[in-house]
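Novice: The structure is given below, and queries will be raised subsequently.
Since every read-out is calculated from the coordinates, none of them should be taken as a lab result. Treat the numbers as computed from the prediction; the structure is a model and nothing was measured. Here the Cβ is made from the backbone with ideal geometry for all residues, glycine too, and neighbour counts use every protein chain on show.
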Amino acid sequence: MSYCDIIRDLAALYQDGTASESSCTAVRQHLRHCPQCRQYYRICALKETKQRGFGKINIPKQGEIMGNYEALAKRIKRRRMLTTAVCAAYVWVSVAAFSVLLFVRSRNRR
């Protein structure tokens with residue numbers, strides 16, 4: 001088995017973003033120097049794009065995933081606070097309206 005065969009096997013993992021950092025480095029370095037493997041990689045990437053109907057999927061790294069969760073948690077917290085404020089305002093307006101209604105009824109009875 002030649003080094004080109006190994007790189008061609010790793011090329012699919014590299015393209016999907018699932019290869020380790022050292023494998024990615026090895027694939028990049030080899031593709032810079034080997035025109036046959038570079039052509040093979042281009043053909044495979046083109047086939048993959050046509051099969052899926054869209055471009056390369058970028059799989060987020062660990063830090064990016066946590067960043068997305070943090071942003072989501074902030075949005076949920078804001079929405080929860082807004083919902084609580086709206087409910088509190090509704091209760092306050094309801095109590096005020098009921099108080100006014102009782103006040104008006106008590107004045108009409110006199």
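Novice: What is the fewest-to-most order of Leu46, Leu10 by other Cβ atoms lying within 10 Å of their Cβ?
Specialist: Leu46, Leu10
Novice: Right, another one. May I ask which residue of Ala19, Cys34, Ile6 lies farthest towards the positive end of the charge dipole of the stretch 3-52, with charges of +1 (Lys, Arg) and -1 (Asp, Glu) on Cβ and the Cα centre as origin?
Specialist: Cys34
Novice: Can you report the principal axis dimensions of the stretch 3-52 using only the alpha carbons, biggest first, rounded to whole angstrom?
Specialist: Here the spans come out as 27, 23, 15 Å, largest first.
Novice: Could you line up Glu70, Glu21 from fewest to most neighbouring Cβ atoms inside 10 Å?
Specialist: Listed from fewest to most nearby Cβ atoms, that is Glu21, Glu70.
Novice: Among Cys37, Cys87, Cys4, rank each residue by its count of other Cβ atoms within 10 Å, from fewest to most, as a rough exposure measure.
Specialist: Cys87, Cys4, Cys37
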